Amino acid sequence: MNMVTQCLLIVLATVIGQVVSGPNEPAVELRLGLRTGHDELYEFSNFWQRSVVVKTTSGNQPVEVPSGTTGSSVTIRFRQKVRSVDPNGNAVLDVRIDGLKVFEEQVGDPIIDFDSSRDQTGPLAWLVGKTYQLLLAPDGSVLDIKGMPDLQQVLSKGSDKDQSRKASELASRQYLRQMHTVWGLASCGPGPHQKGYSWSDLRTVSFANLGTRTFERVYRLKDIEQVDGHTIAVVEMTGALASNTVQQAYKQDPKIKALMDRMDFQFTYEGQLRLDLTSGCLDLASEQLEVNWLAVDPRVQLTDKAAEPNTISMRSVHGLQIKRVVPDVNDQAGIGPVSCRLRFEVGRPLAYRCLSKRDIRICWDPNADPNRRSDTVSTMNETMDMVIGMEPVRIEPDGSTQLQVQVRSVSINRGRLSGDVPSPGTDPVKLLEGRGFSLRVASNGRIVDANSLDMLLKEVGQSAFRQDPRYGRVKDPDMISDVVATVWFLWDAISSMDPNGVEPGQGWTSVLSVPTPMVSRKARQVSYSLERIEQTDTGRIALITGRYSLSDRPAPTTWPIPYAGRFRVSGTFGFLGAYKFLGLEGSGTDRFNIDAGTWEGTTQRMQYILQAAVPFPFARGTSGNPVITIDQSIEVRRLDGRS
């Protein structure tokens, strides 16, 4: 593009609105019209890339020697919700970062390759889930940014200096302002405007050691479309070099300027803006600048035709884009991989109600006729109802969260078998009420440090023993295994997922504990599947279903063991022994709020059957080994953080 063409473009841009507009063309206001309660998902992309190619001659044959590429690309997915709008149209937005991808390379060597759907530790992972507030004017300019947490304390502890540098850059007010500004709207002037109207603004681009160039971006209201009942203003942009007066305002190193003056300079600069005038939201704003420099070896003679002259060409590409993302939640196949990541915030407590209940049926003589012998079957039930509160106290440099957990209340109800001796005292789990422990949890739900909980369970486990030396160590019934089955495995459905995400219909496996009324360490195999994604007022909910079966592997040694040493067990389940699991089956559903980064809870139903042995052959007149059937339910539900 030569200077004459550029000048013509600028002259035409100032008059084209008056030339092509007709009296019957509709006129529109090119401005945002956000409304309180609007909740939108956007994706922002910013990239630049530079490369150099040296072209020389070897044996009268042209040879190209490319350099490695240097560049950076950033993609940020964020959700914004309009909190309020003042009479002037200025909107207060609550913004949350939902996803992040960063790639940087230096002369072909990658130095950062981060994807939040895959990588869950490091300084960049810390940005995911962070929230801040934005004050956005109707002309698309950012008036204020506040609320982004201070990164310095976190990043100073990070071992990855490149990620720390990039995270600090992305969290800066300057970068966030660039990300949220709707370029082009601020300079269009008051409306209403008809199709063909045009205006311009300036943008200065840095090319590192090659200096800076200032471009005039010329916008034109190309069309006003009707799409699915919405009025869409379509604006196109073309770029031209700004005047020499503007260029001279930016100082440049004399040596670099002398070099650049000897190089041929060409560029293309185009962009587009789509504004939904019906909803008042931005649909798309994008632009791309490609610049090429070409220098010829000054020693070559113009009349020398023996070989092509040596040349060096440099290319630089810069791009910006922000687009509204409208997922079709009814088309599960088109959703793509989903990653469920916890997003705790210091100062935002959570609370869960953990309910574990089982109905137990003991058939003392499975060979007896149940219609003639009423004493061959005994039943009982047990219920644990516990409420825990979680207070995030610290976000670690690796993205994990330190939680302080408080047991707010515990209720234990146990019905005893007919003829059974009531156990003395209170269930040891009741002693958890008012106690606290700490957990360190990674963003994928994996519990990194549960030592505090493990020690507390051991302490409670000791309380299950009768303090009477005459009878030795005798353990009374307790529901500690139900605490383990709920709290220890709170986030198992997401911590066992593929870190790259799963699509609706895809599955994965894990193992969970089996809570029982007897002393047992049995594992159940769970086959998870991402059933579907539901859209709700609070965000997208991942429904994860699970199918349970008996695991043929022993329980992992990392699971807590609340008792130590040799002891006897009181009650029916101490009288019986040599338990053998005959089968287990069941199903459940976990709910996870993808947008809020919050696990909503789980509902599990299962039945397991065991065979037991009696200490002598004719107890209760049995003619076979007793069979125990347990119908177990587990329900964990998120409550209000302060309820």
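Just so it is clear, none of the values below were taken in a lab; they were calculated from the coordinates. All values derive from a computational prediction rather than experimental measurement. All Cβ positions, glycine included, derive from the backbone under ideal geometry; neighbour counts span all protein chains shown.
Between His230 and Asp537, what FRET efficiency follows from the Cβ-Cβ distance if R0 is 25 Å, with the result rounded to 0.05?
That gives a FRET efficiency of 0.70.
Could you compute the net charge surrounding Pro190? Neighbours are other residues with a C-beta less than 12 Å from the C-beta of Pro190; K and R count +1, D and E count -1.
-1
Would you order Ile111, Ile395 from fewest to most other beta-carbon atoms within 10 Å of each residue's own beta-carbon?
Fewest-to-most Cβ neighbours within 10 Å comes out as Ile111, Ile395.
Using a cut-off of 13 Å between beta-carbons, work out the net charge of the residues near Leu289 (Lys and Arg +1, Asp and Glu -1, Leu289 not included).
That works out to +1.
A 27 angstrom limit on the alpha carbon distance is what I want to check against. Which of Lys130/Lys430; Lys222/Lys323; Lys81/Lys161 exceed it?
Over 27 Å apart, Cα to Cα: Lys130/Lys430; Lys81/Lys161.
Could I have the simple spin-label model distance between Ser409 and Thr204, label points 7 Å from Cα toward Cβ, reported in nm to one decimal?
With each label placed 7 Å out from Cα toward Cβ, I get 6.4 nm.
Taking square-rooted eigenvalues a ≥ b ≥ c of the alpha carbon gyration tensor, is segment 382-494 rounded, prolate or oblate, where a/c under 1.5 means rounded and, failing that, a/b exceeding b/c means prolate?
prolate
Taking the beta-carbon count within 10 Å as an exposure proxy, list Met497, Met179 from fewest neighbours to most.
Sorted ascending by nearby Cβ count, the order is Met179, Met497.
What is the gain in length, in nm to one decimal, between Asp39 and Gln178 on full extension, counting 0.36 nm per residue of separation less the C-alpha to C-alpha distance?
Roughly 48.0 nm would be gained on extension.
Between Lys161 and Asn292, 0.36 nm times their residue separation minus their Cα-Cα distance comes to what?
Extending this stretch completely gives an extra 43.9 nm.
For segment 271-286 and segment 157-230, what is the separation of their C-alpha centers, rounded to whole Å?
13
For every other residue with a beta carbon closer than 12 angstrom to the beta carbon of Val636, add +1 if it is Lys or Arg and -1 if Asp or Glu, then tell me the sum.
Spelling it out: positives minus negatives among the neighbours equals -2.
Give the calculated FRET efficiency between Arg435 and Arg568 to the nearest 0.05, with a Förster radius of 35 Å applied to their Cβ-Cβ distance.
For Arg435 and Arg568, the calculated efficiency is 0.80.
What ranking do Val526, Val54 get, fewest neighbouring Cβ atoms within 10 angstrom at the top?
With the fewest neighbours first, Val526, Val54 line up as Val54, Val526.
Relative to the Cα centre, what is the charge dipole magnitude of segment 350-639, using +1 at the beta carbon of each Lys and Arg, -1 at the beta carbon of each Asp and Glu, and rounding to the nearest 20 debye?
Magnitude of the dipole: close to 960 debye.
If each residue of separation counts as 0.36 nm, what is the full-extension length gain between Asp631 and Ile561 once their alpha-carbon separation is subtracted?
22.8 nm
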